[in-house]
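What follows is a single structure, written as structure tokens, with notes after it.
The values are calculated or read from the model by the stated rules, or taken from the named source; none is laboratory data. In this text, all values refer to a predicted model and were calculated from it rather than measured experimentally. Ideal geometry is used to build each Cβ from the backbone, glycine not excepted, and the neighbour counts take in all protein chains shown. The accessibility values were calculated without ligands, DNA or RNA, using every heavy atom of the protein model including side chains. Shrake-Rupley method; radii C 1.70, N 1.55, O 1.52, S 1.80 Å.
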Number of protein chains: 2
Amino acid sequence: MVQYSPTPFNASFAALADATRRGVLEQLARGDASITDLADKFDMTLTGMKKHVGVLEQAGLVTTEKVGRVRRCRIGPRRLEEEIEWIARYREVWDARFDALDRVVDELKAREESDERDNRT
Amino acid sequence: MVQYSPTPFNASFAALADATRRGVLEQLARGDASITDLADKFDMTLTGMKKHVGVLEQAGLVTTEKVGRVRRCRIGPRRLEEEIEWIARYREVWDARFDALDRVVDELKAREESDERDNRT
């Protein structure tokens, strides 16, 4: 069995897999907002927005706090650093592999050209 | 209504929201493999692995090709560039906001210190 990254960022990627939730994060990055503000801005019911905020909260991307009768939402503690790192590492492995392939192709080409020269002389 | 990113990367983030699927991508970044190879490596049934590969394929992260009786899997055309860009842009907005807050706090502190000096003299 292969060793794969055990980091529990399933929840954050799942939270990002929705355009409204990404929009809510972009909005909260600019400033805190209540669930009602967010529901208005995204033209959504309060219940619908509460669910989206719940998913973001469980992923650590948003925190909420009840202030009087209003639930304030703000950007959570997670900065998606591990997620960026994972994607970057994945692309590195991939690039390294294609660089290696390129080198093999270049070597084959060089050998072919050298053979052609040898045949001509 | 707020304008939010319409880029359709719901599928790619959803595909990344599973440790096995991230593992499969890491594995394929190192080299092509058949569904059977992948099922063995991840200690999973063929049916289970086919489903995971299907999700990755629909997200454009993997392509498959039937060669004889074997289905070969390889890394797909999508390089997750838009996903990295989205996360980076989100963090930029957030950082800018906190930098602005820091400046306000610094100004308030400076004013307070200046007031204290004025009171002492």
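Length, then width, then depth: along the principal axes, the Cα atoms of the protein assembly as shown run 95, 49, 34 Å.
Under a model in which nothing but the beta-carbon of Lys, Arg (+1) and Asp, Glu (-1) is charged, chain A shows a dipole of about 1080 debye around its Cα centre.
Taking amide H as placed 1.01 Å from N in the peptide plane, the amide H of residue A:34 sits under 5 Å from that of A:73, each at least 5 places away or on another chain.
Between the range A:53-88 and the range B:20-83, the alpha-carbon centres lie 31 Å apart.
Counting Cβ atoms of other protein chains within 10 Å of each residue's Cβ and taking the mean over peptide A:18-29 gives 5. Considering only Cα atoms, the convex hull volume of chain A works out to 161 Å³ per residue.
Placing dummy labels 7 Å off each Cα toward the beta-carbon, the span from residue A:69 to residue B:97 is 2.6 nm. Remark: the range B:41-90 carries 60 Å² of accessible area per residue (probe radius 1.4 Å; ligands, DNA and RNA excluded).
Placing unit charges on the Cβ atoms only, positive for Lys and Arg and negative for Asp and Glu, gives the protein assembly as shown a dipole magnitude near 1120 debye about its Cα centre. Considering every pair of different Cα atoms, what Kirkwood radius, in Å, is found for the range A:81-121? Evaluated on the range A:81-121, it is 12.4 Å. Buried accessible surface for the B/A chain pair comes to about 4200 Å², total over both chains, computed with a 1.4 Å probe.
How many percent of the accessible area of the protein assembly as shown is carbon or sulfur, using a 1.4 Å probe? Write down the numbers at each step before the final one.
On the way: 7060 of 14570 Å².
Reported share for carbon and sulfur atoms: 48 percent.
With all pairs of different alpha carbon atoms counted, what Kirkwood hydrodynamic radius in Å does the range B:14-80 show?
Across the range B:14-80, the inverse of the average 1/r is 11.6 Å.
Where only DSSP H runs of four or more residues are counted, chain A gives -21500 deg cm²/dmol as its mean residue ellipticity at 222 nm, each run worth -39500 (n - 2.57). Rounded to whole numbers, the Karplus 3J(HN,Hα) couplings from phi for the range B:78-84 are 7, 9, 6, 5, 5, 5, 4 Hz, using 6.51 cos²θ - 1.76 cosθ + 1.60 with θ = phi - 60°, and x at Gly and Pro. Which Cα, out of B:15, A:75, B:25, lies furthest along the positive dipole direction of the protein assembly as shown (beta carbon charges, K/R +1, D/E -1)? The residue sitting farthest along the positive end of the dipole is B:15. In order along the range A:49-62, the phi-based Karplus estimate (6.51 cos²θ - 1.76 cosθ + 1.60, θ = phi - 60°) of 3J(HN,Hα) comes to 5, 4, 5, 4, 5, x, 5, 5, 5, 5, 7, x, 8, 9 Hz; Gly and Pro are listed as x.
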